[in-house]
Amino acid sequence: MVYMSNSSAPISPSPRALTQDELKTLVGQAALDYVVRGQWVGVGTGSTVNKFIDALGSIRHEIAGAVSSSVASTERLRALGIEVRDANEVERLAVYIDGADEIDGKGYMVKGGGAALTREKIVAAQSDRFVCIADASKRVPVLGKFPLPVEVIPMASARIMRQFAAMGGQAAIRMANGQPLVTDNGQYLMDVRGLSISDPLAFEAELSQWPGVVTVGVFAFQRAHICLLGTDTGVQTLTFD
Ligand code: 5RP
């Protein structure tokens, strides 16, 4: 069950539709309401989270600091004077704030478009609440249209690609500057097209067992509890049971 509300103040009437960038700014700022003052906050990765990090800078003296899910987010946080600690140094986080490539009606997500899925899942797992921030284009009825990111150990990549082909998916190694992209964890990433993920929990459970899979970009066990969705009429708050 999903509950919706337009909890934030309505935006002033605009003669034009808001750009995707403006929608990201809107939800990045709205996420400040979910940051527990005096505590460490879990911070995700991506262009929407960058807006949140910029907003977080304005309350940096009110939080203990952050646990970050990527080198890129860590650098951005530190540049704003926010202390960043390793995940091993903070036992529990009240909240984790991150974007998504897709989110369905139960708070299940596809993530990893920014290649940070493994650390994102780790920080999400040690957080009491996952607040997803996204523009409205990310809301989907069924996961799978966005190519599914999967982080893999390089020596297993050919076999994993064959396994995806056997289930009707087309997997490709993500490239950067003509070379396989190497993640923050020193591994490869593949993007898989042609999947329709109707049972995200079962899908994530099964693929996580494949030898050589580091992390599958389906976040079902670490789903969102709340989604702040940027729409032309303001921030829509989706709360998942
Ligand atoms: C990074 C992620 C991001 O949260 C996801 O790709 C959304 O990014 P953006 O906010 O730039 O659209 O999972 O690994």
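Can you tell me the mean projection area, over all orientations, of the convex hull of the chain's alpha carbons? Units nm², please. If you can, show how the numbers build up before the last one.
Working: hull surface 53.8 nm².
In nm², the orientation-averaged hull projection of the chain is 13.4.
If I take every Cα pair under 8 Å that is 6 or more residues apart in region 87-241, average their sequence separation and divide by the length, what percent do I get for the relative contact order? Please list the in-between numbers first.
On the way: 323 pairs, mean separation 47.5, N = 155.
This gives 31 percent for region 87-241.
Pairs of alpha carbons in region 148-215 separated by more than 20 Å make up 22% of all such pairs.
The C-alpha radius of gyration of region 105-241, expressed as a fraction of 2.2 N^0.38 Å, stands at 1.06.
For region 137-207, relative contact order (Cα pairs under 8 Å, six or more residues apart, normalised by length) works out to 43 percent. Normalised by residue number, the volume inside the convex hull of the Cα atoms of region 8-130 is 117 Å³ per residue.
Largest GNM mean-square fluctuation among Gln126, Gln222, Gln163, using the chain with Cα springs under 10 Å: Gln163.
For the residue pairs Lys106/Lys138; Lys51/Lys106; Lys121/Lys145; Lys24/Lys145; Lys24/Lys138, alpha carbon separations beyond 19 Å are given by Lys51/Lys106; Lys121/Lys145; Lys24/Lys145. If you find the alpha carbon centre of region 197-241 and of region 91-110, how far apart are they in angstrom? Using only Cα atoms to place each centre, the spacing works out to 6 Å.
Annotation: the antiparallel percentage among DSSP beta bridges lying fully within the chain is about 60.
Taking a sphere under 9 Å around the Cβ of Lys138 and counting the other residues whose Cβ falls inside, with K and R at +1 and D and E at -1, yields a net charge of -2.
Please give the charge dipole size of the chain, origin at the Cα centre, charges +1 on K and R Cβ atoms and -1 on D and E Cβ atoms. Round to the nearest 20 debye.
Numbers: 22 positive and 25 negative charges, 61 e Å.
In total the dipole reaches around 300 debye.
Positive end of the dipole of the chain (Cβ unit charges, origin at the Cα centre): among Ala31, Ile133, Gly212, the Cα lying farthest that way belongs to Gly212.
Largest GNM mean-square fluctuation among Arg16, Arg60, Arg139, using the chain with Cα springs under 10 Å: Arg16.
Note on the chain: GNM, Cα springs under 10 Å; of Leu93, Leu56, Leu181, the largest mean-square fluctuation is that of Leu181.
Considering only Ser196, Met161, Gly105, the residue lying farthest towards the positive end of the dipole of region 89-241 is Met161, judged by Cα position with unit charges set on Cβ.
Laboratory data are not the source of any read-out in this text; all were calculated from the coordinates shown. None of the values given here were measured: they were computed from a predicted structure. Cβ: placed from backbone, ideal geometry, glycine included. Neighbour counts: every protein chain shown.
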